[in-house]
C-alpha cells in the first residue's frame, strides 16, 4: 500500500511539474522562432506587408519570425495547414478575406471559426486594372468592348473561391458582361500575368498593381471603394460610375489555431499593434499606400462573422455555391 501511495505521489509530482513548466513556457512566450503562414503567393500586397512587419516583430519579441508562403486552391492549402498547426502561438496564419470565400465554393475542413482572431492590421479596396495597351481607358469603354467581344476579356484571379475571383465575378455580373476567369496562385502572380499580356484585367489592391502602373504596363480604370483612394485621386469609384454594389473590403489580419492560450494571443496582438504603429512600418505603409486599420481580436472576429454571411449570399447569387 505504501509503495502504491509513493508511486501515485511520484506520478502526481511529475504531472504537476510538467503542468507548471508548461505555464512557465507560456508566461515567457516566445522562447523560440515564430512562423507566419501566408496562404497566397509571394509578391502580392499581403506578402509584402507581412514580410515588412516580420523584422520589427523579431526585434520586439526577441525571436526570429519566419514567413512561409503556402499558396494554392484559392488559399485553401495555407488555411488548412494553419488551422491544423499546434496551438501554442508559434504558428500564426495570415487571415485574409479568402478565408470567407473559399469555404463557399470548396469542400474544406476549416472556416474562420477554426482560428482565434488575433487582430487586423490593414484593410484595402480592390481596383479594376487593365493592360496599359488595352483599347479602353474608362469603365464605359471597357464595358462596351466586353459586350462587343463576349467572353474574350480575361480576368486573372487568385484561384477559384479566392477573393479576387469573387470580386471579378461580381464586377462582370453587375456590369452585365461575359468574361473568362483565369486562376493563379495569388494576386501577385495574376498581376505579373497582366503585365506580361497573358490576361486582360485584374481586380486587386492598388499596392499590388502600383509597380506595373508606374512602369507603364498597366492602368487603373476604377476603385471598388466608397470614396476615391488617396493614392489614385484621379481614378473614379465604381459608385461614381453607377455601380454602388461594387464596394468590397479586403482585410489583412492574423489568427492562431483554436486552443491557443489567451495570454499568448494577447502577447501576439500587442506585438502586432506595436509594430504596426512603429516609425518603420508607418513609413513603409505610407510609401506603399497601405491603410492602417487595427482591430482587436474580438472586433476582427465580429467583422468576419458579418462578412461571411455576405459572401455566402453572393456565392449563391453568382452561381458559385457548391
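Tell me yes or no: at least one residue of the stretch 100-111 is assigned to a strand (DSSP E or B), touching a residue at least 40 places away in the same chain (Cβ under 8 Å) and crowded, with 24+ Cβ neighbours inside 10 Å.
Within the stretch 100-111, none of the residues are assigned to a strand (DSSP E or B), touching a residue at least 40 places away in the same chain (Cβ under 8 Å) and crowded, with 24+ Cβ neighbours inside 10 Å.
Go through 48, 57 for me and flag whichever is modelled with pLDDT of 95 or more and more than 20 Å from residue 320 (Cβ to Cβ).
Exactly one of 48, 57 is modelled with pLDDT of 95 or more and more than 20 Å from residue 320 (Cβ to Cβ), namely 57.
Which of the residues spanning the stretch 58-82 are surrounded by fewer than 23 Cβ atoms within 10 Å (Cβ to Cβ) and part of a helix (DSSP H, G or I)?
Scanning the stretch 58-82 gives 58, 59, 60, 61, 73, 77, 80, 81.
Among the helices (runs of 4 or more DSSP H) lying completely within the stretch 252-322, list those that include at least 3 residues that are in contact (Cβ under 8 Å) with a residue 60 or more places away in the chain and farther than 27 Å from residue 227 by Cα. So that I can check it myself, show each step before the final result.
Details: elements: 262-276, 279-288, 297-317.
In the stretch 252-322, the matching helices (runs of 4 or more DSSP H) lie at 262-276.
When the stretch 112-154 is examined, which residues are found to be assigned to a strand (DSSP E or B) and under 30 Å from residue 178 (Cβ atoms)?
124, 125, 126, 127, 128, 129, 130, 131, 154
Output the number of the condition that residue 92 fails; it satisfies all remaining conditions of (1) surrounded by fewer than 24 Cβ atoms within 10 Å (Cβ to Cβ); (2) modelled with pLDDT of 95 or more; (3) more than 19 Å from residue 312 (Cα to Cα).
(1)
Only residues in the stretch 203-215 that are touching a residue at least 40 places away in the same chain (Cβ under 8 Å) and at positive phi count as the first member; pair them with residues that are in a loop (DSSP other than H, G, I, E, B) and surrounded by fewer than 19 Cβ atoms within 10 Å (Cβ to Cβ), Cβ under 9 angstrom, at least 6 apart or cross-chain, and list the lot.
No pair meets every condition.
Please specify each residue of the stretch 161-176 satisfying the condition of being part of a loop (DSSP other than H, G, I, E, B) and buried (at least 19 other Cβ atoms within 10 Å of the Cβ).
Of everything in the stretch 161-176, those that are part of a loop (DSSP other than H, G, I, E, B) and buried (at least 19 other Cβ atoms within 10 Å of the Cβ) turn out to be 161, 162.
Could you look through the stretch 182-218, keep only residues that are outside any helix (DSSP H, G or I) and in contact with a helix residue (DSSP H, G or I) (Cβ under 6 Å, 6 or more places away or on another chain), and pick out the one that is farthest from residue 75 (Cα to Cα)?
Per the criteria, the residue is 217.
Can you say whether residue 122 is farther than 13 Å from residue 203 by Cβ and surrounded by 13 or more Cβ atoms within 10 Å (Cβ to Cβ), as far as the supplied structure shows?
Judged against the criteria, residue 122 is a match.
The values are calculated or read from the model by the stated rules, or taken from the named source; none is laboratory data. No experiment lies behind these values; they were computed from the predicted model shown. No Cβ is skipped: glycine too gets one built from the backbone with ideal geometry, and neighbour counts run over all protein chains shown.
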